[in-house]
Every structure is written in structure tokens, then in C-alpha cells.
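Inspection log for the structure reproduced underneath, given as C-alpha cells.
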Amino acid sequence: MYTEPMKQLFFVHGGDSLKPGEDFFAHWESDTAWKVTDPFVSGPVRKKWKDDLCEKLGTDWVCAAPRFPNDMDAHYAQWKWWFEKYTPFMKDGIVLIGHSLGGNFLGKYLAENELPIRVGQLHLVAPAWGEGDFIMPASLALIERQVSRTHIYHSSDDVVVPIAHSERFAAALPSAEFVRFLDRNHFFAQVEFPELLERLRR
């Protein structure tokens, strides 16, 4: 249970959305970035930056990071339906973070739908632009109207989502801060994300 003054953070993970008619098995068999490793060989469990965000932010934050449907072949209508199960619990000033396809989803949703509350911060981490049927609208003006601060993070060595996707977001959201990196790839491997934490604490 949390009290009203607590700051809310809602995280939307990534995934993949295949193009219409694309073969699921052919896609995943050819994707070297998602090869399965031996699950019976134990190794050190390493936390990633998104695993303990709330812990690092402190006791005045409360976080939610639900799994979204079918993330190996995601569809926007399903993700929209699931997200809207959570919106009645959101309060003014909520922080939304979307990584990869999650950034694509939040960008599309907030550009096409007006939440009944104001979003305090929107953080798009290596967001895709128009993956599968997560097709972006012509204008993102509604995001600018209902979000107080938007931050975009991308690395030029990203082999999953090219940085050009974030450049499109930045061009469509003139008030957004675009934080560029050279060596973070798709933000999968890093344990710490101090640049994100610093902006969350502002």
C-alpha cells in the first residue's frame, strides 16, 4: 500500500513486432541477437539497470513493470488493451519509461490518446519507430501537450534499433532532450544507468 504523495513509475519493456505476413519461425531462427543459451548451466545472475530502479530511487517511489502480451510477436491493439488496464491507477505526475518496442508503444499511445492525468516525465530508451504494426502517427503534438518533460536516450552503436529511430522522435518532439551515447548498444548489458537516474531525481 502506498500513500498519495509517492511518485509513480511505470516501465514498458521491449519486444518484437513482426511485419504483416512475416514468418515467425524464419524471423527468430535468423536473429542471432536472441539465440537461446543453455538454461541448465548456472552462472552469476547480474542485475540490469531496470531491475532495481525503485530501490535506487528510494522509499518515496512506487514502481510497476508488468509483462505485456506476446512480446516475441507483439501487436499494438493487444498492448493498448493491456496498458489501459493500468491507467485507472495512474496519478498526476507519473513517470513513464519505455525501452525499445516499449518506447515505440508509449510514443504511439500518447500521440493518439489523451490520458486523464498529466505525465510528469516520459523516458524513451532506444525507442523503435514504427516496428511491425506499432505504426507511428503523422504528428506527436499530443505528447508535447500532455507530458511535462521528455527524454530520449540512444547509442550510435545500437545493433538492434538504429539511432535514426530516436532522431525521428527528437525531430517530432522539439522540446525533448536527446541524450546520445557511443558505446551502450541497446542498453541490454549495462548494470547502471546513472544518466537516467539523475533525470528521474530532478
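The values are calculated or read from the model by the stated rules, or taken from the named source; none is laboratory data. From a predicted model like this one, the values you see are computed outputs, not experimental measurements. Don't worry about glycine lacking a Cβ; one is built from the backbone with ideal geometry, like all the others, and counts go over all protein chains shown. Ligands, DNA and RNA are stripped out before the accessible areas are found, and what is left, the full protein with its side chains, is counted by its heavy atoms. Shrake-Rupley method; radii C 1.70, N 1.55, O 1.52, S 1.80 Å.
For Val12, the residues whose amide H sits under 5 Å from its own are Ile97, Gly98, His99, ignoring neighbours fewer than 5 places away on the same chain, with H placed 1.01 Å from N. Taking amide H as placed 1.01 Å from N in the peptide plane, the amide H of Ile94 sits under 5 Å from that of Gly120, each at least 5 places away or on another chain. Heavy-atom accessible area for Met136, with the other protein chains in place and a 1.4 Å probe, reaches approximately 20 Å².
The 3J(HN,Hα) values that the Karplus relation (6.51, -1.76, 1.60; θ = phi - 60°) gives for region 57-63 are, in residue order, 6, x, 6, 8, 10, 10, 10 Hz. Gly and Pro appear as x. Show the residues, 5+ positions off or on another chain, whose built amide H is closer than 5 Å to the amide H of Thr150. So Thr150 has HN proximity to Leu122, Glu177.
Summing charges over all other residues whose Cβ lies under 9 Å from the Cβ of Asp16, with Lys and Arg as +1 and Asp and Glu as -1, gives -4. Centre-to-centre separation between the Cα atoms of region 180-202 and those of region 112-150: 20 Å. Using just its DSSP H runs of length 4 or more, each adding -39500 (n - 2.57), the chain gives a mean residue ellipticity at 222 nm of -7000 deg cm²/dmol after division by all residues. Ordering of 93-99, 62-68 by packing is 93-99, 62-68, highest average first (other Cβ atoms within 10 Å, averaged per residue). In order along region 134-146, the phi-based Karplus estimate (6.51 cos²θ - 1.76 cosθ + 1.60, θ = phi - 60°) of 3J(HN,Hα) comes to 8, 6, 6, x, 5, 10, 10, 4, 5, 4, 4, 7, 10 Hz; Gly and Pro are listed as x. What lysines does Lys56 reach when the alpha-carbon gap must be under 22 Å and sequence neighbours fewer than 8 apart in one chain are set aside? Excluding near neighbours in sequence, the set is Lys7, Lys47, Lys48, Lys91. Tally up the carbon and sulfur contribution to the accessible surface of region 60-202 as a whole percent, 1.4 Å probe, everything protein left in place. Answer for region 60-202 is 55 percent, counting heavy atoms of protein chains only. Listed values [x] 90, 41, 28; [y] 62, 53, 42; [z] 46, 42, 34 include one computed from this model; for Cα extents along the principal axes in Å that value carries the label [z].
For the chain, a crude dipole built from +1 on the beta carbon of Lys and Arg and -1 on the beta carbon of Asp and Glu, taken about the Cα centre, is about 660 debye to the nearest 20. Per residue, region 19-129 exposes 56 Å² of solvent-accessible protein surface, assessed with a 1.4 angstrom probe and all protein chains in place.
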